[in-house]
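Inspection log for the structure reproduced underneath, given as structure tokens.
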Amino acid sequence: MKGQIYLKNVVTLELDIDKCVGCGLCATVCPHRIFEMKENKAVIVDADACMECGACSVNCSVEAINVKSGVGCAVAVFKGMFRGGQASCDCSSESD
Amino acid sequence: MAEKIRNLSFVVHNGREIPRVPMELCFADRLGGWAVRWSIRRMKYTVEPGIYAVGNTDGDSVVLVSANYKLSFDTLHKELKGLDAWIIVLDTKGVNVWCAAGKGTFGTDEIVHRIGLVELEKIVNHRKIILPQLGASGVAAHEVKKRCGFSVIYGPVRACDIIEFLKAGMKATQQMRQVHFSLYDRLVLTPVEFVMGGKYMIFIMAVLFILSGISTSGYSSDLAMSNGIRSVVNLFAAYLSGAVIAPLLLPWLPGRSFSFKGFSVGFVVAVVLFALKLTGSRLETVAWIFLISVVSSFLAMNFTGASTYTSLSGVKKEMRVAVPLQIIAVILGMGMWIAGRFV
């Protein structure tokens, strides 16, 4: 099944093919299956499906992947604006 | 205070007592799981971090890692029928795996710390731990290996695939690795959306109710009653539109941005209310078309946080356009609504 696609041409994901050692972990962890392994290198096949969760980049042992990761949440962006600094996801850690 | 896990027994393993969870969830587990979906005790629904046994574990049993949100723990636990496994529960402050990974509490540091604390190397003979795939955004597998010697294996996204994954020799299919956002996935999220915004909604309804009594001939409580009820009905419809209808119909609504999807539903809802003669005078009807559309648009935009596929870059881009328009629409809508009190 093809996943839902959000806005196009916005993601900050970058892959440095020269650094890639072909371990394939990025392709494993991506929840939207945007990487494929071709000739022992990772290839981005569907950048618009990227949600910038950062799983690929955190797990890349040679730092070949760069992405400004964060939560795609409007409430978090508002909170970041009012408190200053980054969008912070904390709707699930509010003490009620 | 963490929840008690009911019907806990103990296994003695290498001279240590380790709690063993029962095979099946009980009624109280299911009730608690239902309650948190309605936002009841959601932030307090935790289990004690540590190590647990499932089935007849020994030194060769697999090690699964989970979060200490009890709904996460139970979701994993109920899928393990017939399996002998160890579960390591990380201290994620009561937050589910994916959200905790985003915050870093389901992360490299906590894994290394927890493995050391439970002395995992004395419990199992192998050096492998299986993580839910969605934990990956908080965990650097190579760092975990370097710091404590355990290899991280990323299991499937959903706990219901774990048995299948193990049977296949720890191999996941593409299907197991893909995150979806099905109608059912969205349906279980809407009660929390509905409850969370409720207090703001009740406040706004109360304000409109009181303002409804204003007219050219002074304040009338009869007027507040008749017009107030109309306002509450319209506002409630707007709330349902943005917090429930738009999330449910998400993939079938026009456009890509959530605020536009919410706007379209709100607009249709407003037109339906007009057709049912529930929107009042001509001026007030126009006011409601603005207000219902914008409330619905705003709430749908906030659903980006619950969705599984919106990027931060995308949300920021959407908001740069949507928020100014929403502010203008609220000002126009409220202006017309107030003007409607005097004509």
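Tabulated values for the structure
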{"quantity": "Subset of region B:300-337 that is in a helix (DSSP H, G or I) and of a type in the set (S, T, N, Q) - its residue that is farthest from B:Asn96 (Cα to Cα)", "calculated": "B:Gln326"}
{"quantity": "Residue tally, condition of a type in the set (S, T, N, Q), assigned to a helix (DSSP H, G or I) and surrounded by fewer than 24 Cβ atoms within 10 Å (Cβ to Cβ), over region B:258-285", "calculated": "2"}
{"quantity": "Cβ-Cβ under 6 Å pairs, at least 6 apart or on other chains, region B:140-158 side assigned by TED's automatic domain parsing to the domain that holds B:Val63 and free of Cβ contacts under 8 Å to residues at least 12 places away in the same chain, far side of a type in the set (S, T, N, Q) and part of a strand (DSSP E or B)", "calculated": "B:Lys145/B:Ser151"}
{"quantity": "Residue check, A:Cys26 under 14 Å from the mean Cα position of the chain (by Cα) and either more than 9 Å from chain B (Cβ to nearest Cβ) or assigned to a loop (DSSP other than H, G, I, E, B) (or both)", "calculated": "yes"}
{"quantity": "Where a residue in region B:325-343 is of a type in the set (A, V, I, L, M, F, W, C) and its partner, wherever it lies, is at pLDDT 95 or above and surrounded by 18 or more Cβ atoms within 10 Å (Cβ to Cβ), with Cβ under 6 Å and at least six apart", "calculated": "B:Ala329/B:Phe290; B:Ala329/B:Val294; B:Val330/B:Val294; B:Leu332/B:Phe290; B:Met336/B:Val286; B:Met336/B:Ala287; B:Trp337/B:Ala287"}
{"quantity": "Residue that is surrounded by the most Cβ atoms within 10 Å (Cβ to Cβ), among those in region B:302-321 that are facing chain A (nearest Cβ under 7 Å) and polar (S, T, N, Q)", "calculated": "B:Ser311"}
{"quantity": "Looking only at region B:27-59, and only at residues there that are hydrophobic (A, V, I, L, M, F, W, C) and in a loop (DSSP other than H, G, I, E, B), the one that is farthest from B:Lys70 (Cα to Cα)", "calculated": "B:Trp38"}
{"quantity": "Test result for B:Leu187, in the same structural domain as B:Val36 (by TED's automatic domain parsing) and in a helix (DSSP H, G or I)", "calculated": "no"}
{"quantity": "Residue in region B:221-229 that is part of a helix (DSSP H, G or I) and in contact with a strand residue (DSSP E or B) (Cβ under 8 Å, 6 or more places away or on another chain) present", "calculated": "yes"}
{"quantity": "Residue within region B:112-129 that is within 14 Å of another protein chain (Cβ to nearest Cβ) and surrounded by 19 or more Cβ atoms within 10 Å (Cβ to Cβ) present", "calculated": "no"}
{"quantity": "Breaking point among (1) closer than 24 Å to A:Val10 by Cβ; (2) in contact with a helix residue (DSSP H, G or I) (Cβ under 8 Å, 6 or more places away or on another chain); (3) free of Cβ contacts under 8 Å to residues at least 60 places away in the same chain; (4) in a helix (DSSP H, G or I), for B:Ile289", "calculated": "(1)"}
{"quantity": "Region B:152-172, residues that are more than 11 Å from chain A (Cβ to nearest Cβ), closer than 24 Å to A:Glu36 by Cβ and more than 22 Å from the chain's Cα centre (by Cα)", "calculated": "B:Glu164, B:Phe165, B:Ala168, B:Gly169, B:Met170"}
{"quantity": "Any hit, region A:11-21, residues being touching a residue at least 12 places away in the same chain (Cβ under 8 Å), within 7 Å of chain B (Cβ to nearest Cβ) and not small (Gly, Ala, Ser)", "calculated": "yes"}
{"quantity": "Matching entry among B:Glu24, B:Glu3 (being of a type in the set (Asp, Glu), in a loop (DSSP other than H, G, I, E, B) and under 23 Å from B:Leu166 (Cα atoms))", "calculated": "B:Glu24"}
{"quantity": "So B:Met319, is it within 20 Å of the chain's Cα centre (by Cα) and either closer than 30 Å to B:Gly102 by Cβ or of a type in the set (D, E, K, R) (or both)", "calculated": "no"}
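The values are calculated or read from the model by the stated rules, or taken from the named source; none is laboratory data. Given the structure is predicted, the values throughout are model-derived calculations rather than measurements. Neighbour counts are summed over all protein chains in view; Cβ atoms, including those assigned to glycine, are modelled from backbone coordinates with ideal geometry.
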